[in-house]
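Notes follow once the structure below has been shown.
The values are calculated or read from the model by the stated rules, or taken from the named source; none is laboratory data. In this text the structure is predicted, and so the values were computed from the model without any measurement. Ideal geometry is used to build each Cβ from the backbone, glycine not excepted, and the neighbour counts take in all protein chains shown.
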Amino acid sequence: MLVKVTAPMYKVLRSHIQESFPGYSITIEKFKPDTYARYVDADIYRNEIDYSPKTGKFSVLRVQYPDEYYAMPSYITTRDLARLFNASDKTLNGFLQQIDREIEI
């Protein structure tokens, strides 16, 4: 399994989140470096794996919570995905359980 912010990873997480957390939504976003630094992580060099020289943008997964939660969206980077995978039992179900713990409010 490639643990990176990619379209296939987004599809897996989207279907899991829709099933496990009704009302939550996840999207894949592409930010210019200044916007990425403002919303995701001020140290853009720490997450350079998410940077595409072709587009000049960073890719990140954005988790949006239901309005009644009054919560700001959370952002998941490739570093976050790798950390969650390493904390799991290295199976898909274990990885998804770590994702659940990460995004649950």
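Got a number for residues in the range 90-99 being among the charged types (D, E, K, R) and either touching a Leu at 6+ places or on another chain (Cβ under 9 Å) or at pLDDT 95 or above (or both)?
Initial filter on the range 90-99 (among the charged types (D, E, K, R)): 90.
Among the residues that remain, those that are also either touching a Leu at 6+ places or on another chain (Cβ under 9 Å) or at pLDDT 95 or above (or both) are: none.
Number satisfying all stated conditions: 0.
Scan the range 1-19 for residues that are surrounded by fewer than 11 Cβ atoms within 10 Å (Cβ to Cβ), of a type in the set (A, V, I, L, M, F, W, C) and more than 12 Å from the chain's Cα centre (by Cα) and jot them down. Hit for the range 1-19 is L2, nothing else.
Just to verify a result, which residue in the range 1-12, among those that are out of contact with any strand residue (DSSP E or B) (no Cβ under 6 Å at 6 or more places or on another chain) and not in a loop (DSSP other than H, G, I, E, B), is farthest from L96 (Cα to Cα)? I'd like the intermediate steps shown before the answer.
Pass one, the range 1-12, residues out of contact with any strand residue (DSSP E or B) (no Cβ under 6 Å at 6 or more places or on another chain): 1-4, 6-9, 11-12.
Those left that are additionally not in a loop (DSSP other than H, G, I, E, B): 7-9, 11-12.
Values: A7: 16, P8: 14, M9: 11, K11: 13, V12: 9 Å.
Among them, the one singled out is A7.
Any residue in the range 48-57 that is charged (D, E, K, R) and within 18 Å of A82 (Cβ to Cβ)? Full working, then the answer.
We begin by selecting, within the range 48-57, every residue charged (D, E, K, R); these are 48, 50, 54, 57.
Applying the additional criterion that residues be within 18 Å of A82 (Cβ to Cβ) yields 48, 50.
Yes, some residue in the range 48-57 is charged (D, E, K, R) and within 18 Å of A82 (Cβ to Cβ).
On the given criteria, is L92 surrounded by 15 or more Cβ atoms within 10 Å (Cβ to Cβ) and of a type in the set (A, V, I, L, M)? So L92 fails the test. For the range 13-105, the helices (runs of 4 or more DSSP H) that sit wholly inside it and include 1 or more residues that are in contact (Cβ under 8 Å) with a residue 40 or more places away in the chain and within 15 Å of L2 (Cα to Cα) are 78-87, 92-103.
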